[in-house]
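Taking it in order: structure first as structure tokens, then the write-up.
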Amino acid sequence: MASLTGAWAQPAPSINSGGIVNAASSAPGAPVAPGSIASVYGNFLLSAPSWALGIPLPTNLGGLSLAFGAVEAPLLYASSGQVNLQIPWELAGQPPAVTATLAGQTSAPQTVNLAPFAPGIFSMNGQGTGPGAILDSSYHLVTASNPAAAGITVILIYCTGLGAVTNQPETGAAAPSNPLAVTITKPSVTIGSVPAQVLFSGLAPGSVGEYQVNALVPSNAPTGDAVQVILSIGSATSNAVEIAVQPPTPDQRADQLLTQMTQDQKIQLVYGAVGTATASTRGGAGWVPGIPQLGIPDLYLADGSVGVGNGVGPATALPSSIASAASWDVSEAYKYGSVIGAELRAYGMNVNLGGNVNLIGREPRDGRTFETKGEDPILAGKITAAHINAIQAQHVIGGIKHFALNDQETGRTTADVRIDERGMRESDLLAFEIGVKDSNVQSVMCSYNLVNDVYACENQHLLNDILKGDWQFPGFVMSDWGATHSTVAAALAGLDQEQPDNAFFGSLAQAVSSGQVPQSRLDDMVHRILRAMYATGLFDYPAAITPIDTTGDQAIAQDAEEQGAVLLKNAGGQLPLNAAAAKSIAIIGSHADVAVLSGGGSAQVTPTGGPALTEGFPCPPCWAQVIWDPSSPLQAIQAMAPNAAVQFDPGTNPATPAALAAASQMAIVFVSQWTSEGMDLPSLNFTDAIHSPPIDQDALVAAVAAANPHTIVVMENAGAQVMPWLGSVSAVLEAWFPGQRGGEAIANILFGAVNPSGKLPITFPASVNDLPRPVIATPPDSTTPFPVDCSEGFNVGYKWYDSQGLTPLFPFGFGLSYTTFSFSNVAVVNNPTSGNPNFQVTFKLTNTGYVAGAEVAQVYLAFPASTGEPPKRLVGWQKVFLQPGAAEQVTIEVDANDSSHPLSYWDVNSNAWLIAPGVYTVYLGNSSSSASLVTAGTLQIGS
Ligand code: BGC
């Protein structure tokens with residue numbers, strides 16, 4: 001190969017034909033505008049790239065210059081193949097062709113396509129396509145991981161080619177830091193083809209040739225990760241680049257609205273208006289008038305633990321919440337909640353005061369047991385979350401209450417619950433934690449009582465540290481009715497809304513102006529209330545008052561009862577009853593000819609069709625009416641056994657029902673225990689607070705059972721009961737307060753049309769003496785706080801009885817079926833590791849009987865003794881429906897990261913949930929009783 005030696009002529013620089021392009025859009029042949037940035041491609045013979053070091057820009061980089069006739073261009077960058085320049089402002093019309101000069105040699109000229117405007121938006125790929133150089137007002141790139149919020153975000157579009165600038169801002173708005181450089185002509189912007197409001201157009205601060213256009217993303221802009229942004233100015237249109245747009249978050253919307261509110265408007269939202277001159281038109285327990293000028297709707301508050309309460313209107317009386325928990329089925333619980341949500345919405349109520357998750361295993365005589373979800377924090381938390389999810393899906397703000405440790409009604413406004421941190425974190429508070437985290441609930445009601453000497457509604461530790469701090473609860477805390485005790489202390493501790501009036505928060509404006517409560521705290525209260533309204537769709541889906549779906553909702557009520565009733569005893573296969581063989585049936589007691597009982601207080605539902613009967617206002621609580629729901633067990637039983645003689649005795653005097661029972665083939669005794677908010681039961685026996693003289697139902701059952709061995713007891717009550725007559729009756733069905741389709745559900749179960757599958761969500765102790773506090777702590781007077789010593793801590797319900805070695809009458813998790821099940825091939829898979837924090841219990845479940853049915857497989861965990869945990873904790877379960885003879889391979893997964901902290905204990909030193917190393921034993925079975933459990937395997941955690 002010949003070598004090139006000797007002198008050779010240095011070639012002249014050259015510019016490619018059509019090599020001058022808009023630096024932002026890069027489109028070949030597209031025009032450029034005076035003042036904008038362009039790129040010129042060619043062969044510039046530079047040995048190394050060179051950058052301009054400051055403003056004003058040089059006209060020579062590395063010896064290279066570019067000229068349009070006599071006008072030299074300011075240069076930003078030059079390399080051997082590309083030069084970036086600013087198109088000189090002086091150019092106009094059809095400018096002279098551009099030439100490049102280096103070392104005395106000049107390129108051939110290339111014509112330039114000049115236009116007054118040549119908008120181009122810079123892009124991340126430098127090609128003018130894909131994601132644009134577009135920032136939000138915090139100077140973060142607007143991408144899928146940082147999307148713009150429709151209607152909220154102002155985007156900063158970095159572009160070029162917008163023509164001349166002036167020091168007379170056309171928009172009147174100041175540029176961010178370069179107020180003199182505003183474009184003479186205002187561009188327009190579309191985002192996803194929707195015109196956007198342009199707030200500023202001018203030079204980007206401190207730059208040459210680069211412009212910035214600020215535009216508000218329209219509220220009706222399309223959403224997605226690739227929404228096109230296009231600029232137009234004059235008749236010129238830019239390239240299309242992309243941003244990500246999402247609907248605004250509730251927090252963003254709340255913040256935006258907050259900026260438009262006056263102090264008076266803010267104050268208006270932080271308390272209820274009950275008792276003021278204005279009045280709610282919709283009834284309910286409370287209301288907060290809205291602010292129509294700002295589009296803020298009224299808040300209408302109604303109870304709803306077991307259906308729509310407060311006499312808002314006739315509504316479906318569901319079975320008790322505790323019956324919903326007894327289904328052990330979160331999808332059933334969701335249906336239950338959907339009835340409450342839909343009916344509240346139909347009545348125009350948009351805040352639900354339901355979600356009672358107080359852990360009544362601590363005090364099973366609690367008059368509100370029927371509203372709760374039982375004694376286990378995990379079961380209670382998960383069932384509550386399902387209710388709330390369903391309610392909020394209907395655009396009704398869900399609530400969870402009463403935060404916290406409101407576990408007895410006796411002296412509830414002055415009871416001072418004394419409990420250690422670990423004890424409450426692993427019991428009552430855990431139920432709330434799960435409910436809050438699994439449901440996105442938007443309101444929490446703080447309770448009447450004190451916790452460790454501080455009223456719950458001004459309890460910094462409960463509200464700020466735990467609820468809003470540890471659990472990151474984003475919604476608002478409202479007080480129980482009259483549970484606020486201060487203005488400044490409550491506001492600072494985390495109370496966001498006083499209910500039902502403004503006895504204390506009426507002074508909040510003054511507390512803010514005097515500096516006792518920071519303005520930021522008031523803004524936070526309002527933000528939380530507004531974000532709750534946005535999060536549940538109160539702005540976007542305004543309430544429309546409609547009739548309730550009586551038929552559909554009552555079908556769910558019946559289903560909930562059929563899934564939640566618990567068969568406690570069935571000696572000799574007494575049940576199901578054989579309709580064809582039934583000749584005569586004695587129905588006894590509890591108005592079973594016409595009605596079923598409901599629980600009283602604020603949760604009381606006025607049933608559709610009206611009460612079957614009412615029986616006054618027992619004292620205590622003296623203000624809650626006894627309401628019997630319209631559903632006749634007798635009629636439903638007669639319908640199941642049309643050929644049987646079905647006769648009724650009211651059971652008020654044991655002699656006549658015993659005679660009827662003796663003359664009948666079988667006797668079904670309905671026993672009932674009315675309970676209500678504002679009272680606790682005097683004992684665990686069936687007592688009678690309604691009648692005078694009281695009916696001795698224990699004596700009634702005993703008399704009937706003595707007269708007829710085929711005695712079946714159906715219990716309509718709130719929770720745990722002792723049954724001195726248990727040994728003498730053949731069957732017992734726990735029907736709870738069964739709701740207004742209770743009679744039909746009970747008949748279906750008694751006759752086997754439905755196979756019972758409910759399991760107790762609360763232990764039935766053998767005796768009141770087995771409770772942590774055999775005698776309920778009572779107040780000395782109506783105002784002085786009195787201690788309720790909860791030194792049992794987290795040992796609530798079965799954990800208490802296990803830890804004390806006490807055998808209950810019926811264990812937590814227990815319930816019979818008309819079929820039988822067997823567990824086989826039981827194994828524990830995986831030891832959890834930090835990378836894989838799950839373990840699974842696998843087994844084969846077989847229906848070994850002759851009818852279809854459901855079993856609730858329950859997984860309990862025994863922790864290493866070093867942790868000091870209760871002997872066992874429920875950590876998972878699954879309800880499985882099986883045809884007779886069918887089998888299913890089941891896997892129950894337990895995830896250490898679940899909101900229920902199934903593998904952790906609360907460590908008081910580090911103030912955190914920790915997993916202790918050691919050996920854990922996993923049990924599987926169909927109740928918490930050791931006799932029903934097998935060891936599924938062990939877990940070795942850590943070394
Ligand atoms: C109850 C709450 C109820 C409120 C409004 C209070 O007495 O404790 O549970 O939500 O009244 O009816």
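The values are calculated or read from the model by the stated rules, or taken from the named source; none is laboratory data. Here the structure is a predicted model, which is why all the values come from computation and not from measurement. With ideal geometry, Cβ positions are generated from the backbone for all residues, glycine too; neighbour counts draw on all protein chains shown.
Here are the numbers for this structure:
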read-out: Answer from L530, L538, L462 - the residue that is over 20 Å from K437 (Cα atoms) and more than 16 Å from the ligand (Cβ to nearest atom); value: L538
read-out: Condition check for T546: modelled with pLDDT of 95 or more and within 16 Å of the ligand (Cβ to nearest atom); value: no
read-out: Residue check, G272 at pLDDT below 95 and either touching a Gly at 6+ places or on another chain (Cβ under 7 Å) or farther than 28 Å from T546 by Cβ (or both); value: no
read-out: Scan of region 436-449 for residues that are more than 15 Å from the ligand (Cβ to nearest atom) and not in a loop (DSSP other than H, G, I, E, B), ordered by number; value: V436, K437, D438, S439
read-out: Pairs where the first residue, in region 490-513, is polar (S, T, N, Q) and the second is buried (at least 22 other Cβ atoms within 10 Å of the Cβ) and assigned to a helix (DSSP H, G or I), C-beta under 9 Å, 6+ apart; value: Q497/F505; Q497/M525; Q497/R528; Q497/I529; N502/L508
read-out: Residues (assigned to a loop (DSSP other than H, G, I, E, B) and within 12 Å of the ligand (Cβ to nearest atom)) located in region 277-305; value: G283, G284, A285, D303, G304, S305
read-out: Options P621, P682, P694: the member that is touching an Asp or Glu at 6+ places or on another chain (Cβ under 7 Å), assigned to a loop (DSSP other than H, G, I, E, B), touching a residue at least 24 places away in the same chain (Cβ under 8 Å) and surrounded by fewer than 22 Cβ atoms within 10 Å (Cβ to Cβ); value: P621
read-out: Selection from region 890-936 of residues that are assigned to a strand (DSSP E or B), buried (at least 19 other Cβ atoms within 10 Å of the Cβ) and either within 24 Å of the chain's Cα centre (by Cα) or not aliphatic (A, V, I, L, M) (or both); value: I892, V894, Y905, W906, Y920, Y923, G925
read-out: Among (1) outside any helix (DSSP H, G or I); (2) away from the ligand (no atom under 16 Å from the Cβ) - the single one R422 does not satisfy; value: (1)
read-out: When residues of region 306-358 are limited to those that are more than 16 Å from the ligand (Cβ to nearest atom) and touching a Leu at 6+ places or on another chain (Cβ under 8 Å), the one farthest from I627 (Cα to Cα); value: W328
read-out: Tally, over region 365-384, of residues that are more than 15 Å from the ligand (Cβ to nearest atom) and either crowded, with 24+ Cβ neighbours inside 10 Å or within 23 Å of V875 (Cβ to Cβ) (or both); value: 10
read-out: Residue among K569, K583 that is touching a residue at least 12 places away in the same chain (Cβ under 8 Å) and more than 21 Å from Q697 (Cβ to Cβ); value: K583
read-out: V312 buried (at least 20 other Cβ atoms within 10 Å of the Cβ) and in contact with a strand residue (DSSP E or B) (Cβ under 7 Å, 6 or more places away or on another chain); value: yes
read-out: Region 476-494, residues that are within 16 Å of the ligand (Cβ to nearest atom), part of a loop (DSSP other than H, G, I, E, B) and not polar (S, T, N, Q); value: D480, W481, G482, A483, H485
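Per-residue answers, yes or no, for (1) loosely packed, with under 14 Cβ neighbours inside 10 Å; (2) of a type outside the set (V, I, T):
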site	(1), (2)
A100	no, yes
A115	no, yes
P119	no, yes
N125	yes, yes
P147	no, yes
I155	no, no
